[in-house]
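The values are calculated or read from the model by the stated rules, or taken from the named source; none is laboratory data. Just so we're clear, the structure is a prediction, and the values are computed from it rather than from any experiment. Here the Cβ positions follow ideal geometry from the backbone for every residue, glycine too, while neighbour counts run over all protein chains shown.
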Amino acid sequence: GSAIEANGLGMKYGRGAGRWALRDCSFRLPAGRVCALVGPNGAGKSTLLALAAGLLGPTEGSVRVLGSDAPGALRERIAYVSQDKPLYPQLTVADTLWAGQELNPASWDRATADRVASPLPQHAKVRTLSGGQRTRLALALALGKRPSLMLLDEPMADLDPLARHQLMGTLMAEAAEHSTTIVMSSHILTELEGACDYVLLVDGGRVRLGGETDDIVAAH
Ligand code: ADP
Ligand code: ADP
């Protein structure tokens, strides 16, 4: 089946004659895959992820997520990590992990969350963490939730090469073990192509190409 199915999906911010951030997008993303959402800055990647997460309502068309027309109702099954990594700046790392467990008592995968967060200073407050450390903590929370679908906006951008390699490995293992669908965006295809078996190319608010990474790389 499809994890995400968009039909004529379009998004325009604000009222009146604004520009379309996303227009006339129709595509399917197969379930259980690690998918790269690739395109230049301003292409519409963040908008697409926020629509799939149910945080934005489409201006036109529709997006079905995990078989539902109302992705907002699927909060428990979706982990969405935006670029600004919404964490509580006053909480410590340890308290943030504890809160994650409290909020997801049934599904919480403590072993994975704790392992991903283990290089972080556990008693440091979130506001003192670097960008890369905040990304690591946000990914630990997302993985701990053990969602059916992970929507990750530029998750690798702030990470150093070693952290990138480690976290990419963890995400791929998660997808393989639990059939999690992972969609992650980047403006650099090579940052993701080794890890992602499916690619969606977005440019100028349109989905230009979608398919198996091997096929797309071979054809270009
Ligand atoms: P990407 O993630 O690929 O960089 P975005 O989805 O962030 O692309 O942006 C797509 C387009 O929508 C851009 O032209 C951007 O300026 C515009 N846009 C994004 N967010 C907003 C917003 N909150 N209000 C108005 N325009 C926005
Ligand atoms: P990384 O370790 O991933 O390279 P940085 O520590 O360089 O991340 O942070 C990226 C940007 O965010 C920098 O411009 C930095 O000044 C800023 N920044 C990082 N931590 C804070 C903070 N606690 N408060 C305000 N700005 C911060």
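Return the residue satisfying two criteria in turn: it lies in the range 1-15 and is within 18 Å of the chain's Cα centre (by Cα) and hydrophobic (A, V, I, L, M, F, W, C), and of such residues it is farthest from ligand 1 (Cβ to nearest atom). Among those residues, the one meeting the criterion is ALA3. Counting only residues that are free of Cβ contacts under 8 Å to residues at least 40 places away in the same chain and acidic (Asp, Glu), the range 180-205 holds 1 of them. Out of LEU49, LEU55, one residue alone is of a type in the set (A, V, I, L, M, F, W, C) and over 15 Å from ARG206 (Cα atoms). It is LEU55. For first residues located in the range 112-132 and among the β-branched types (Val, Ile, Thr), partners that are within 9 Å of ligand 2 (Cβ to nearest atom) and lie 6+ apart or on another chain with Cβ distances below 6 Å form the pairs VAL126/PRO89. Among the residues of the range 75-88, those that are touching a residue at least 24 places away in the same chain (Cβ under 8 Å) and assigned to a helix (DSSP H, G or I) comprise GLU76, ARG77.
Go through the range 152-163 and count every residue that is assigned to a helix (DSSP H, G or I) and either touching a Pro at 6+ places or on another chain (Cβ under 9 Å) or within 16 Å of ligand 1 (Cβ to nearest atom) (or both). Before you say what the answer is, go through the steps one by one.
From the range 152-163, those assigned to a helix (DSSP H, G or I) are 161-163; that's our starting set.
In the following step, the residues that additionally are either touching a Pro at 6+ places or on another chain (Cβ under 9 Å) or within 16 Å of ligand 1 (Cβ to nearest atom) (or both) were identified as 163.
Here the count works out to 1.
Restricting the range 188-213 to residues that are touching an Asp or Glu at 6+ places or on another chain (Cβ under 8 Å) and either more than 14 Å from ALA31 (Cα to Cα) or charged (D, E, K, R) (or both), which is surrounded by the fewest Cβ atoms within 10 Å (Cβ to Cβ)? So the residue we want is GLU212. Being in contact with a helix residue (DSSP H, G or I) (Cβ under 7 Å, 6 or more places away or on another chain), closer than 30 Å to GLY1 by Cβ and assigned to a helix (DSSP H, G or I) is a condition met by no residue of the range 121-136. Evaluate the range 89-97: report whether one residue or more is hydroxyl-bearing (Ser, Thr, Tyr), in a strand (DSSP E or B) and within 16 Å of ligand 2 (Cβ to nearest atom). Yes, the range 89-97 has at least one match.
Can you find even one residue in the range 137-151 that is modelled with pLDDT of 95 or more, in contact with a strand residue (DSSP E or B) (Cβ under 7 Å, 6 or more places away or on another chain), closer than 25 Å to SER186 by Cα and within 16 Å of ligand 1 (Cβ to nearest atom)? Looking through the range 137-151, at least one residue is modelled with pLDDT of 95 or more, in contact with a strand residue (DSSP E or B) (Cβ under 7 Å, 6 or more places away or on another chain), closer than 25 Å to SER186 by Cα and within 16 Å of ligand 1 (Cβ to nearest atom).
Considering the conditions (1) away from ligand 1 (no atom under 16 Å from the Cβ); (2) out of contact with any Ser or Thr (no Cβ under 9 Å at 6 or more places or on another chain), GLY18 is excluded by exactly one of them, (1).
Looking at the range 52-74, which of its residues are buried (at least 21 other Cβ atoms within 10 Å of the Cβ) and in a loop (DSSP other than H, G, I, E, B)? Selection gives ALA53 alone.
Scan the range 1-46 residue by residue and report those that are outside any strand (DSSP E or B) and charged (D, E, K, R). Write out each step before concluding.
Here is the first cut: in the range 1-46, the residues outside any strand (DSSP E or B) are 1, 13-19, 31-33, 39-46.
Selection gives ARG15, ARG19, ARG33, LYS45.
Could you list, in sequence order, the residues of the range 84-100 that are polar (S, T, N, Q) and surrounded by fewer than 17 Cβ atoms within 10 Å (Cβ to Cβ)? Quick ask: steps written out before the conclusion?
Going through the range 84-100, the residues polar (S, T, N, Q) turn out to be 90, 92, 96.
Hit for the range 84-100 is GLN90, nothing else.
The test for being within 19 Å of MET156 (Cβ to Cβ) and part of a strand (DSSP E or B) does not hold for LEU49.
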